[in-house]
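Asker: Below you will find the structure I want to go over with you.
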Amino acid sequence: MAWINDDWGDTLPEERYDDQEHQREVETAAREVRRLLDDEGIGTAESYREAENQLDDVVESKSGIPKEELDDETFRKAIFFRDLRRGDLSFDIQWVDGDYETAEKSFLTINKAGRSLTDWETILIENRNSSFARTVMSLANIHTANYYWPTEDSSENEIEQLLENIDLIHDTLFQPDLSKPIDTLDQPLMVFPSRNRRPYYIAEFLTVVAGERGKKSETREMMTETRYETSEEIIESGKQLSENALEALSHIAGSTSNSLALPPALYFYNHSGRAVRSLLYGMLYWLTSGGSKDTLARKRVFSAFRGPFEELFVNNKRDVVSSLADKRGSGPRVTEQTADYFQSMIGLIIESSGNINSENFDNQYKAEVKRITGRKPESVEPSPVESRSFTNAQRSERNMMELFSSRKKCGVCGGVLDLQGPVQHDHIKKHSEGGETSVENQRPVHPFCNHQRDQIEEIKSNHSLTSLPSFALDSGGSESQLSFFDDPEFLS
């Protein structure tokens with residue numbers, strides 16, 4: 001039907017696409033399909049339709065024998081299209097005797113015999129009834145999310161709440177659209193190299209926010225554990241999974257009192273403006289390690305030293321991003337090591353009372369980076385390009401430097417405050433102490449800082465009160481970090 005209608009997904013109204021990136025990917029794929037059809041000598045269905053019209057003209061005019069009057073290609077196309085239109089052409093369909101499960105096994109067998117399904121794809125198909133798989137696909141295909149869940153009249157309210165959760169997760173992760181080059185700090189938390197990677201990355205994210213270590217076995221268990229649940233149980237499990245994801249995201253994004261409001265371009269992109277999902281996974285894993293009390297304490301300490309941490313992090317991103325990727329891999333393979341980096345850097349800054357410019361701090365920093373990444377940090381000067389035009393990466397890097405250097409600071413923690421992002425307003429002199437509610441006595445702050453001001457300021461003024469909850473790397477077993485069953489598509 002796509003060939004007959006010359007509709008390869010690029011004829012929809014603009015609002016039907018997920019975002020501009022999705023639209024560009026579809027349009028590029030459509031152009032490639034049409035090119036392949038031309039290269040293979042197939043052409044468009046319209047050319048076949050026109051050939052049949054020419055054949056009809058010859059027959060109606062009785063001017064000769066069609067096969068002799070028409071050239072070979074036109075005659076071939078005309079006969080093919082006439083047979084197709086009349087239904088004289090048949091398409092083979094394999095009939096499988098047995099029940100639904102038999103047909104499912106046959107489908108998997110057939111697909112494994114052709115282009116091999118990856119382990120990930122096989123498990124996703126086999127466990128598509130599970131709430132985990134349904135949540136993954138709902139987030140990957142947000143405009144049709146409702147089709148992935150049972151339609152039970154008795155669960156209508158629960159389904160509605162579940163879909164609202166999924167919408168909110170989707171918007172938090174993928175909005176706004178990525179700008180190239182980077183020109184604002186407000187960028188999407190997650191970016192995909194291609195649309196077909198979206199389910200993979202979403203599954204990784206859901207595994208991390210579940211609080212697991214990110215091992216293969218844990219993801220496999222999450223995918224399979226709700227496979228045989230009833231409709232009501234699946235909905236409830238999906239609702240719980242989505243609430244866990246929202247709770248984790250609330251620590252870094254959004255305007256609730258939980259939110260540190262971390263600017264995505266600053267925290268989850270590399271120096272040249274490329275999204276690095278290991279930074280996102282590592283931060284979520286670090287913040288949420290332990291119980292809720294540990295998370296709260298860790299966020300308070302982080303906020304007290306957020307200013308010097310951001311200065312250190314922005315100027316040395318290559319040390320954690322490039323070094324870990326070269327040594328251990330990317331994405332969930334280095335979730336724990338990235339979290340360890342955040343823990344260690346905050347620990348060093350506490351020890352130095354926030355002074356990150358001393359020789360002693362520099363030596364300690366290099367030693368910690370080498371311990372975590374296996375590589376001693378080195379100063380790397382980016383090479384100029386031969387072209388006269390600056391690349392998007394160069395433009396993004398310059399823009400990021402300017403955005404950080406001209407940043408607005410939070411009045412409580414001293415960290416970067418993106419006025420386009422989540423912001424609350426705080427009395428400089430507390431209202432409880434007689435401070436006026438006036439323009440002169442207000443300042444923009446992060447939501448978390450606004451609600452934890454007293455505790456953060458107490459830690460800043462008396463470092464002896466600082467107690468950073470411990471964070472330990474998993475030392476048990478030899479199982480590697482989540483890599484979706486060694487699927488090679490995840491190595492890039």
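Every number in this text was worked out from the coordinates using simple rules, so none of it is lab data. This structure is a prediction, so every number in the text was calculated from the model and none was measured. Cβ coordinates were reconstructed from backbone atoms using ideal geometry, including for glycine residues, and neighbour counts include every protein chain displayed.
Asker: If you take the charge dipole of the chain about its Cα centre, with +1 on Lys and Arg Cβ and -1 on Asp and Glu Cβ, which of THR151, GLY411, ILE166 is farthest toward its positive end?
Answerer: GLY411
Asker: Suppose every K and R has +1 on its Cβ and every D and E has -1 on its Cβ; what is the size of the dipole of region 141-296 about the Cα centre, in Debye to the nearest 20?
Answerer: My answer is approximately 1200 debye.
Asker: Using the crude model of +1 on Lys and Arg Cβ and -1 on Asp and Glu Cβ, and no other charge, please compute the dipole size for the chain relative to its Cα centre, in debye to 20.
Answerer: Roughly 2640 debye, rounded to the nearest 20.
Asker: Also, I was wondering about something else. I need the GluC sites (Glu not before Pro) found in region 401-451, filtered to DSSP loop residues with at most 10 other beta carbons within 10 Å of theirs.
Answerer: GLU440
Asker: Follow-up. Of MET401, MET222, MET1, how do they rank once you tally other Cβ atoms within 10 Å and put the fewest first?
Answerer: If I rank by nearby Cβ atoms, fewest first, I get MET1, MET401, MET222.
Asker: Over what distance in Å are the Cα centres of region 401-477 and region 149-226 separated?
Answerer: Answer, in whole Å: 28.
Asker: Search the structure for amide H atoms under 5 Å from the amide H of ASP426, placed 1.01 Å from N in the peptide plane, and list their residues when 5 or more places away or on another chain.
Answerer: Long-range HN contacts for ASP426: ARG443, VAL445.
Asker: Pairs to check: LYS293/LYS460; LYS409/LYS430; LYS370/LYS408; LYS370/LYS409; LYS293/LYS376; LYS299/LYS409. Give those whose C-alpha atoms are more than 26 Å from each other in this structure.
Answerer: Among LYS293/LYS460; LYS409/LYS430; LYS370/LYS408; LYS370/LYS409; LYS293/LYS376; LYS299/LYS409, the Cα-Cα distance tops 26 Å for LYS370/LYS408; LYS370/LYS409; LYS293/LYS376.
Asker: Continuing with this model, one more query. Under the Karplus relation 6.51 cos²θ - 1.76 cosθ + 1.60, θ = phi - 60°, what is the ordered set of whole-Hz ³J(HN,Hα) values for region 218-232, x standing for Gly and Pro?
Answerer: 5, 5, 4, 5, 4, 6, 9, 5, 10, 4, 9, 6, 6, 4, 5
Asker: Follow-up. Net charge within 14 Å of SER250 by Cβ-Cβ distance, Lys/Arg positive one each and Asp/Glu negative one each, not counting SER250 itself?
Answerer: With Lys, Arg at +1 and Asp, Glu at -1, the neighbours total -2.
Asker: Continuing with the same structure: Among VAL208, GLN343, SER106, which residue has its Cα furthest toward the positive end of the charge dipole of the chain, with +1 on Lys/Arg Cβ and -1 on Asp/Glu Cβ?
Answerer: About the Cα centre, the residue reaching furthest to the positive side is GLN343.
Asker: Once every Cα of the chain carries one equal point scatterer and solvent is ignored, give the base-10 log of I(q)/I(0) from the Debye formula at q = 0.08, 0.12 Å⁻¹, two decimals.
Answerer: Those come out to -0.63, -1.18, one per q.
Asker: If you scale each eigenvalue of the Cα gyration tensor by 5 and take the root, what three semi-axes come out for region 222-353, rounded to whole angstrom and sorted largest first?
Answerer: Gyration-tensor ellipsoid for region 222-353: 30, 19, 13 Å.
Asker: Among VAL369, THR118, SER179, whose Cα lies farthest out toward the positive end of the dipole of the chain, if unit charges sit on the beta carbon of Lys, Arg (+1) and Asp, Glu (-1)?
Answerer: VAL369
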